[in-house]
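The values are calculated or read from the model by the stated rules, or taken from the named source; none is laboratory data. Keep in mind the model is a prediction, meaning the values are calculated, not measured. For neighbour counting, all protein chains shown are included, and Cβ atoms are generated from backbone atoms with ideal geometry for every residue, glycine included. These area figures cover heavy atoms from the full protein model, side chains too; ligands, DNA and RNA do not enter into them. Shrake-Rupley method; radii C 1.70, N 1.55, O 1.52, S 1.80 Å.
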Amino acid sequence: MGNRFGMDYGGTNVKAGVFAPDGTALVFREQPLADVASGGELLENLLALARDVARGYPLEGGGLAIKGLVNSERGVVEEDVGAGSWLAGIDLRAAFSRALGAPWVIENDARSYAWGEWMFGAGRGAQTMVCMTLGTGVGCSVVAGGRPYRGGSQFGALLGGHLSIDRNGPPCPCGNRGCLELYCSATALHQQVLDGHPDIRRATADPLAEFFEQVRQGNRQYRATFEKFIDNLALGVVNVIHAYGPDVVVLGGGVMKSADVILPPLVEQVHRMAWTVPRGSVRIEPARLDNRAAALGVAFFPHP
């Protein structure tokens, strides 16, 4: 097996790297999406970035992980409510394969992230793994029996972030109401912290990091916001446990940089609420691959 290339086109940043067969990053780069999208046509900019990162490395294959509902058989984004919509309907697989001279896979970013964690990270050895990412939105994907789970369509198991946790909650762009990602994405939590704690808005350029540090130090001023976040996230995790019956749930994304604060109360609550036999049998683990998971996963993703 030779070197693989992976690019993760997210809602905030674009990550790209070349990986050895054992998953080691030979080169890895991360740039803000706004920088990549500025000046010229977006797809051409992405192809130029890919060629630049891969320069000097022979490739056996590669892939692009991208937000939205991805039809991996056709190599296109069918639909997205965010940045993935900018590339919808384009034959991305053909474009990248021509530009890099290797077979290519186009896959959803959450599914790619999960595959990376299953192959090289916190999900190794799991029979059934659910992976949820708390970032710009809430991504979700399932690996079952050593394969990415798709259900009855290309889009199966991706919409855990759009499981409703409040039927009377705010409307979501997806068409549902009270979706998990409206409460537990990094975007949503960031806004909750700014709305509830103006002192953090004034004090720091990274409100979420400061918020979790205050919780870590036992500052009771932030306790109610934190407990509400844990309550909402626990509902989402319990929902996917009941839906998919995993032996492990892996939680990643930017919010989970504070896993040391989040996991103890979350695990306790999920084990109390989830109907498993025996109670508490589902492991809940922090992701281990940090910002490389989706790029690494799509680099080694099985062809449809």
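Relative contact order for the chain: what percent, with Cα pairs under 8 Å and sequence separation of 6 or more? Walk me through the intermediate numbers first.
Details: 628 pairs, mean separation 63.1, N = 304.
Here the relative contact order equals 21 percent.
Volume per residue for segment 57-204 equals 164 cubic angstrom (convex hull of Cα atoms).
Sparse packing (at most 10 other Cβ atoms within 10 Å of the Cβ) combined with a DSSP loop state is found for the following GluC sites (Glu not before Pro) in segment 4-56: GLU41.
Applying both filters, DSSP loop and at most 11 other Cβ atoms within 10 Å, to the trypsin sites (Lys or Arg not before Pro) of segment 120-215 gives ARG167.
Within segment 8-140, DSSP assigns beta bridges of which about 70% are antiparallel (rounded to the nearest 5). Summary of packing: across the peptides 58-71, 103-116, the per-residue average of other C-beta atoms within 10 Å ranks them, highest first, as 103-116, 58-71. Computed over segment 162-304, relative contact order equals 18 percent, with contacts defined as Cα pairs under 8 Å that lie 6+ residues apart.
State which helices in the chain qualify, where a helix is a whole DSSP H run, it must extend 30 Å or more along its own axis by its Cα atoms, and its mean Kyte-Doolittle hydropathy must be at least -0.5. Working shown, then result.
Working: long enough: 223-244 (31 Å, 0.55).
The answer, listed by residue number, is 223-244.
What the chain shows is 43 Å² of accessible area per residue, with the surface traced by a 1.4 Å probe over protein heavy atoms. Here the chain has 49 percent of its accessible surface on carbon and sulfur atoms, given a 1.4 Å probe and all protein chains in place. At the listed q of 0.11, 0.12, 0.14 Å⁻¹, the Debye profile of the chain, built from one uniform point per Cα, gives log10 I(q)/I(0) equal to -0.65, -0.77, -1.04.
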